[in-house]
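What follows is a short report on a single structure.
The values are calculated or read from the model by the stated rules, or taken from the named source; none is laboratory data. Just so it is clear, the model here is predicted, and its values are computed rather than measured. Reconstructed Cβ throughout: ideal geometry from the backbone, glycine too, with neighbour counts over all protein chains shown. These accessible areas exclude ligands, DNA and RNA; they are computed on the full protein's heavy atoms, side chains included. Shrake-Rupley method; radii C 1.70, N 1.55, O 1.52, S 1.80 Å.
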Amino acid sequence: MKGFKSILAVAILAALTVSFSASAQENANRDENGNVVRGAYETNGIWDNWFLDLGAGINTLYDDGFQGQMGLATQLNIGKWFTPTVGARLGWSGMAVDATASHQFVGTRRPHVAFNFIHGDALVNLSNLFSGYKETRFWDVIVYPTFGVGITGNGAGQEFTDNFKNNEYLGGAGLINEFRLGERVNANLDIRGLIGRAQAYSRSGLFCNFLTVTAGVSIALGDKVNFDRHSSITPVVIPVPFTVDQYNDLAKKVADLEKENAALKNKIAELEAREPEIVYVDKGVATPAAIYFDLGSTTISAREQAHLEYFADNVDKDKELEVVGSADMKPGSQKRNEYLANERANAVKKALVKAGFDESKISTSATIDTAGPNPKSRVATIKVK
C-alpha cells in the first residue's frame, strides 16, 4: 500500500515537473526578434482536427468508508480542436478499485468497486496559449476541467446495504502531457482528479475522491490535422516618436517637394498657353515595295491593291521601276511556277501603268525560290532605280 502510494506520488510529481518545464525547452514560433508569433488562424472544416484517445493506467478511491488501493483504469475519448488552443472531448472511463473496509465494515470482505465515468472535457493547450502554435512541437501541455456521471457496475452498495444509489455526478480537473510521435500519432500521460458524493460507493454519503493516471496514444483523425495562419494578416506597426532633427529634416523635404510641385504647375500652364507648332515630315516611301499573292494566284487582292496605290501616290511617276515576280518551288511543276512568277510581275506592271507610270520605264523579270514552299516567295517586288 505504502509502496504503491510512493510510486504514484513520484509519477505525478515527475509529470507536473515535466509539464511546466516543457515550455522552457521549446522556443516555439518566434520571429527574427525573438517574439512569439501568434494567429489569427484559418477556420478549419467540420471534419478537420478530430482525434481519438486510448489509454490505460491506475485508479484510487478515498473516502471515510474505504481506504483506496490500486485498481485498473481505462479510457476512450473522441474530441476536436477548434483552434490551436481550445478544444473539447467526450469520453468514457472505466475505473475500478479494491478497497479495504474501514471501521464501519469491520469483519466484512474487501469489496471491489467498479464503475463507468461518462464525461465531457474542455481542453486548453497551454503550450500554444503562451508559446504560440507550432505544428512540430514535441511536447504540449494541456489542462482541462471535466464533468460527468459515474455509473456503478458492482461494488460496496450491493455488499452492505440496499440504500445506495447506482450513479452519482462527478467533477474535477486534469493535466495531459502530449508527446509528438508523428503527424497523426501522439503519446500522452493523463492525470485526473475527481470529487463527488460517495452515496454510490459507501454508506456514509460524504464526498469521495478519485485520482487516476493513464498512459496511452492520441490518433489524429479527419482530412486536416494542423492549423494554417492567415496569409493576409497586416503586421502591426508600432509608431516610433520623432526626434527634433528628424522632424526638421522631414519638414524641409516637404517644403522642397511643394516648391517642385509649384514649378511643374507653372510649366504645364505655359505649355497649355503656347500656340501649337505644326511640323511637317516627309514620310517618303521605302523600297522595294512588296505585293503578296495567294497560293497559285496571279490576281492582286484588295488589300495588296491598297498597298500598290499607296506606293503609286508617293513615288515620282517619271522614275524608272523594276518589277520582279516570284513563286516558290513547290507545289506545282517548274513550268507552272515560272508561269506564276511572270504573270505576277505583269499583273503589278499593268496596275502601275493604270496608276500613271510610263510603261516604257517599267522592266519585269521572274525568279523561283528553290528552298521549298514559302509564303514570302509568292510576291512581286517593286524597286525604284
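Each residue in the stretch 317-345 was checked for being in contact with a helix residue (DSSP H, G or I) (Cβ under 7 Å, 6 or more places away or on another chain) and among the polar types (S, T, N, Q), and 1 of them qualify. No other residue among VAL113, VAL141 is part of a strand (DSSP E or B) and at pLDDT below 70 apart from VAL113.
Among the residues of this structure, VAL240 counts as one that is more than 30 Å from ASN59 (Cα to Cα), open to solvent by 50 Å² or more (accessible area, probe 1.4 Å), hydrophobic (A, V, I, L, M, F, W, C) and at pLDDT below 80. Output the number of residues of the stretch 125-138 satisfying the condition of being assigned to a helix (DSSP H, G or I), open to solvent by 50 Å² or more (accessible area, probe 1.4 Å) and farther than 9 Å from PRO84 by Cα. Going through the stretch 125-138 one residue at a time, the tally reaches 1.
Confirm whether ASP245 is modelled with pLDDT under 90 and in a loop (DSSP other than H, G, I, E, B). The answer is no for ASP245. Applying the set (1) at pLDDT 90 or above; (2) farther than 30 Å from TYR133 by Cβ to LEU271 leaves exactly one unmet item: (1).
The residues of the stretch 50-72 that are at pLDDT below 90 and under 23 Å from VAL217 (Cβ atoms), listed by number, are ILE58, ASN59, MET70, GLY71, LEU72.
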